[in-house]
Amino acid sequence: MKSLEKEIKNILINTKDGNKVIEYIEKLQNKIAHLEEHCEHHHHENCECGCHDEEENEWQEIKTPYKNKLTVKDWENLLNDETIFNKDSLIIMKRMRHIAAPTSSAELADMFGFGAMYYKMEINKLAKRIEQKLNISDLKEYSWSILFDGWENSDSTERIFALNSELYEALGNIDLSNIALR
């Protein structure tokens with residue numbers, strides 16, 4: 001959906017005020033939900049809603065087995081625990097918060113350097129440390145869902161992620177001034 005790509009770019013441009021980020025993400029999620037509902041019920045070959053039957057342009061929320069959401073205070077405690085959030089993981093979190101929109105490991109690599117695999121591996125290690133600390137089990141390949149909300153395209157070849165709102169807020173409540181963005 002071209003309009004979704006435009007909306008994501010619009011969010012990136014308009015999120016200079018960190019307090020507005022959650023509002024923008026919620027608007028985006030509502031728009032996605034509306035488009036999915038609209039297209040599901042009214043789609044036909046000549047649909048005039050702007051959606052297209054091109055699978056590579058359709059994003060769907062990734063359903064995961066993780067249901068327990070941590071509070072902002074829980075995240076603040078974890079963020080201050082150096083055995084959980086090391087310098088590398090704090091750098092990634094600061095970068096994700098700076099972007100303030102759904103993104104992929106490849107996009108992080110393009111914007112900030114290192115390779116996409118670096119981000120994937122570091123996020124996976126961080127999620128595993130959190131799983132161990134909180135005794136969370138059976139997430140398998142969905143460990144990332146503790147930290148992020150995720151979407152994938154229709155053929156599951158591409159994924160984008162955004163910090164969950166509690167983690168995003170907690171990151172704003174702690175001092176990250178000693179963590180370099182670049």
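The values are calculated or read from the model by the stated rules, or taken from the named source; none is laboratory data. Remember, predicted model here, so these are calculated numbers, not experimental data. Here Cβ is always computed from backbone atoms with ideal geometry, including for glycine, and neighbour counts include all displayed protein chains.
Observations
- Selected residue [over 19 Å from the mean Cα position of the chain (by Cα), of a type outside the set (S, T, N, Q), under 24 Å from Ser177 (Cα atoms) and at pLDDT 90 or above] from Glu76, Glu107, Glu82, Glu122: Glu82
- Taken over region 64-80, the residue count meeting the criterion of being surrounded by fewer than 13 Cβ atoms within 10 Å (Cβ to Cβ) and of a type in the set (D, E, K, R) is 3.
- Gln60 vs. criteria surrounded by fewer than 16 Cβ atoms within 10 Å (Cβ to Cβ), more than 30 Å from Asn173 (Cα to Cα), modelled with pLDDT of 65 or more and not hydroxyl-bearing (Ser, Thr, Tyr): yes
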